[in-house]
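J.: Have a look at the structure that comes next, please.
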Amino acid sequence: MIEKLEFDALGTTLRSRPFHFFARVGFETRSTEIIGRTPHYEWTSFTCFVSKNRSKVAQKNVDAASNVQALDRADYELDTQDPIQVARQLYDGVHHFHDHARGAPALLDITSFRREELLVLLSLIGRLPRNDVADWHLAYVGAKFMGEWLSGEVTDVRSVLGYPGEARPSKSTRLVILMGFEVSRARRIIESYEPKEIVLGMGRKADSINDDLYARNKELFDQLGREFKESIESTFEFSARDPVSVKKELTEVIGDPTRANLVIAPLHTKLSTIGAGLYGASEPLAQICYASVDEYNEAAYSAPGTDVYLIPLKDIFEHHPTSDAGPGS
């Protein structure tokens, strides 16, 4: 069950027992929000991921994270231009964390993982024994607002490792887009796959992070819909904050996954991206794609809201098909 907590309530939860911590620190203020709100809390262990070629803005956040109190700490650098290296580092980091936090309370802050990283992370954690992660929780810091522009030019559109799908030359392509705030990314994905059919989704107002973000999402959803009107097969709504609901919504709107080459582009919140990953894990015909970019609006990408969302991993993995397995699987 998803819990929406104010940060004071999160602090109370953390003080109730020792927690292990797992996080991605980047240029966003939100990436250090939990750290900054719990300055005197000593984590049992801290596994931290940072970009290898990081900016000065990101380095300031990394410096702040260096002061985190933890009995054990491990740091991993991700080369964001090399998805194979990223997957290897995530694998090493997940299993280091698992060695320390197996069967113990843990908080995994997914706020600042890039969507590609997050999907690989979901696949890796999904292969751990269920009992070992029964007391692990995902944490997501909501945004108060998003910048006027978020990212620059798209440099590559690729399938995410672990979600390759199945491309059959005899079939046309059906592209499902979970629309967010980046029209240029969505446009480039459409141009790359040249789909015969587009299924265009937007976040449901009742399940949005806040009303202002919903209004912005609706505006951009309508813009893309007008631009590719002739290719839009259908539209749908999905939850911005409930991964399990997103999986169910994708299952319903996609229907028969065999009638076309199926590609899914998650471009909304990290929580909805996990929902796309749950669908992709259960449907091997579905490819999940990612569009990398040359820059981000680091000066005004987003501002943190006042709430953090907590989701028990056990609730998510009730809907993940991977069976219990050891670290070497």
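J.: Which condition number does residue 252 fail, the rest of (1) open to solvent by 60 Å² or more (accessible area, probe 1.4 Å); (2) charged (D, E, K, R); (3) over 30 Å from residue 141 (Cα atoms); (4) modelled with pLDDT of 95 or more being met?
T.: (3)
J.: Name every residue in region 233-249 that is in contact with a helix residue (DSSP H, G or I) (Cβ under 6 Å, 6 or more places away or on another chain) and either surrounded by 18 or more Cβ atoms within 10 Å (Cβ to Cβ) or not aromatic (Phe, Trp, Tyr) (or both), in order of residue number.
T.: If we filter region 233-249 for residues that are in contact with a helix residue (DSSP H, G or I) (Cβ under 6 Å, 6 or more places away or on another chain), which is where we start, we get 236, 238-241, 243, 246-247.
Listed by number, the residues that qualify are 238, 239, 240, 241, 243, 246, 247.
J.: Still on this structure, please answer the following. Could you check, for region 58-68, whether at least one of its residues is more than 24 Å from residue 142 (Cβ to Cβ), within 23 Å of the chain's Cα centre (by Cα) and open to solvent by less than 10 Å² (accessible area, probe 1.4 Å)?
T.: no
J.: Now, a different point. Need a quick list: strands (runs of 3 or more DSSP E) entirely within region 11-78 having at least 3 residues that are among the aliphatic types (A, V, I, L, M). Give the derivation first.
T.: On the way: elements: 20-24, 42-51, 69-78.
Where strands (runs of 3 or more DSSP E) fall fully within region 11-78 and carry at least 3 residues being among the aliphatic types (A, V, I, L, M), they are 69-78.
J.: Surrounded by fewer than 18 Cβ atoms within 10 Å (Cβ to Cβ), charged (D, E, K, R), under 22 Å from residue 193 (Cβ atoms) and touching a residue at least 60 places away in the same chain (Cβ under 8 Å): which single residue out of 226, 259, 216 fits that description?
T.: Criteria check complete, one pass: 259.
J.: Moving on. Quick one: would you say residue 133 is open to solvent by less than 10 Å² (accessible area, probe 1.4 Å) and touching a Cys at 6+ places or on another chain (Cβ under 7 Å)?
T.: no
J.: Let me ask something else about it. Considering only region 187-212, state which residues are touching a Phe, Trp or Tyr at 6+ places or on another chain (Cβ under 7 Å), assigned to a helix (DSSP H, G or I) and not charged (D, E, K, R).
T.: 190
J.: Specify which of the listed residues (112, 170) is among the polar types (S, T, N, Q), part of a loop (DSSP other than H, G, I, E, B) and without any contact (Cβ under 8 Å) to a residue 24 or more places away in the chain.
T.: None of the others qualify; the one that does is 170.
The values are calculated or read from the model by the stated rules, or taken from the named source; none is laboratory data. Treat the numbers as computed from the prediction; the structure is a model and nothing was measured. In this analysis, Cβ positions are derived from the backbone assuming ideal geometry, glycine residues included, and neighbour counts consider all displayed protein chains. Ligands, DNA and RNA are excluded from the accessible area calculation, which covers all protein heavy atoms including side chains. Shrake-Rupley method; radii C 1.70, N 1.55, O 1.52, S 1.80 Å.
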